[in-house]
């Protein structure tokens, strides 16, 4: 399917630029994929597991296997063996493919023999969620549903999209599909590289469009080389997108169009917010947006998405009788705006009082010295849990550790109810960010 | 040890804008001091940061101190060796 859709691209614009600068055009990719399909002919119409570590090789694997095999399970690089075994056994694969199965000489040695056309299949894609405390759930998609919100080629110069997410992640797949089907170029930064090295690569390859989480954006904005980026399209998503972040991004990249994409692996793309304000307009609750209907129930946001019909008994996510999916995001109506408060299941319980880690993090992030913040619940013998936080400071703000920690706690006390104030703020050099670009909070103890 | 705990106790009281209702002698009943349960939770967390251990999590049987003296004693009893 994707291969067919790729064929309608302009042939003079590259499709992919690899980590080492290697350029691949649409006709070259077509030859490559055709050769790969003959190499893996036995897997046509079958169930395949893809376990690639290289995003660049995964890209060609996706084009090879979509429309070719019946079902495709994408394993995120770095998934622990036990989780791999668990999801694979449930899936029941006919074959497992790795980097080696897609590597090798990019110009196939055998001449391309035109055989019978491959009958196109609608391949079912199974994407694991990034579960932190349990085996990942497999979320079904197909290339059509995944590219539902892809924008057609824009007039003018095509975008050079930077891949900051792991390509197998939902957000990474969106960038992959948007660049492929939207007539743009996809830039693959070297995977083991440091953050500044990735930013350098992107600026050297002429990146004009970048999609990343708020955490990534904060780090990008603190990287000196980011001044060389000439971005025209900025997408933010995956974590709460707060107003200070939107303002910061817009002031640093004044020519860029800034879009907040609200999406998840379970729901797919929900909607996009382009007005530069955090949250989304209240009116969308009544009128819907982009053919998506939404409602608030029990404090969380539920979405009904065209083409995304999951049954109430699917066991993957909570779905009601009308087909609305529970996003698990807590929201609050604040005059004419709906604001995001945090994840439903991340709540910290301090002696019966509920605290959202995101709320605490937003306050910490408001302090001028703070670059990144992560709040979670620590076990406490009196209250069950108590809020603690880790903070990474902006460059140039490193000061005596105990002083800044006290100062941050005081800062929080001025803005939050006492039970929400972190009882401990630890300074760290950097915060762990997972392959989806989101801060990984430590697992919650629940009493 | 008593001095450390006293200092942290007063610090938490000021965070909560609470006033000390009784003198903090060994016999002072904790629940009558003006410190509420959230305050105690914060105190235990702060002492863990300062001392490096939480005696309540080291106990086999949960034991809740009644007086200030009891509280200090718990910290002394469960103090890991060479730690102060």
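One table, with the values for the structure above:
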| read-out | value |
| --- | --- |
| Between 0 and 90°, nearest 10: helix B:68-77 axis offset from chain B longest Cα axis | 20 |
| Rough spin-label spacing in nm, given labels placed 7 Å along Cα→Cβ, for residue B:77 and residue A:91 | 5.4 |
| Label point distance in nm, residue A:248-residue A:283, each placed 7 Å from Cα along Cα→Cβ | 3.1 |
| For segment A:380-425 versus segment A:62-96, the gap between their alpha-carbon centres in whole angstrom | 42 |
| Tail weight of P(r) past 23 Å, computed on alpha-carbon pairs of segment A:153-308, percent | 39 |
| Percent antiparallel among DSSP beta bridges (both partners in chain A, rounded to 5) | 60 |
| Separation of alpha-carbon centers, segment A:225-282 and segment A:1-52, rounded to whole Å | 30 |
| 0 to 90° range, to nearest 10: angle between helix A:55-65 axis and chain A longest Cα axis | 50 |
| Kirkwood Rh in Å, taken over all unlike Cα pairs in segment A:20-73 | 11.7 |
| Cα-based convex hull, segment B:2-77, per residue volume (Å³, whole number) | 82 |
| Zone of residue B:59's modelled label, taken as backbone nitrogen in segment B:16-52 under 19 Å from a point 7 Å along Cα→Cβ | B:26-33, B:35-49, B:51-52 |
| Shape box of segment A:218-360 [Cα atoms, principal axes, largest first, Å] | 50, 42, 31 |
| Order of A:216, A:398 under a 10 Å beta carbon neighbour criterion, fewest first | A:398, A:216 |
| Value of [θ]222 nm, deg cm²/dmol, for chain A, DSSP H segments ≥ 4, -39500 (n - 2.57) each, nearest 500 | -7000 deg cm²/dmol |
| Over chain A: Kirkwood hydrodynamic radius from C-alpha pairwise inverse distances, Å | 23.3 |
| Length-normalised contact order for chain A - Cα pairs under 8 Å, 6+ apart - percent | 10 |
| Anisotropy class of segment A:1-93 from Cα gyration tensor, a/c 1.5 cut | oblate |
| Mean Cα-pair separation over length for segment A:233-352, i.e. relative contact order, pairs under 8 Å, 6 or more apart, % | 19 |
| Helix B:37-51 axis, angle to chain B major axis (alpha carbon atoms, nearest 10°) | 40 |
| Relative exposure of A:30, B:3, A:71, judged by other C-beta atoms within 10 Å (fewest first) | B:3, A:30, A:71 |
| For A:304, A:124, A:198, A:274, order by how many other beta-carbon atoms lie within 10 Å, fewest first | A:274, A:124, A:304, A:198 |
| Isotropic mean projected area of the C-alpha convex hull, segment A:347-427 (nm²) | 4.7 |
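Each reported figure results from applying straightforward, stated rules to the coordinates on display, with no laboratory input. What you are looking at is a predicted structure, and each value in this text was computed from that prediction instead of being measured. Neighbour counts run over all protein chains shown; Cβ positions are idealised from the backbone, glycine included.
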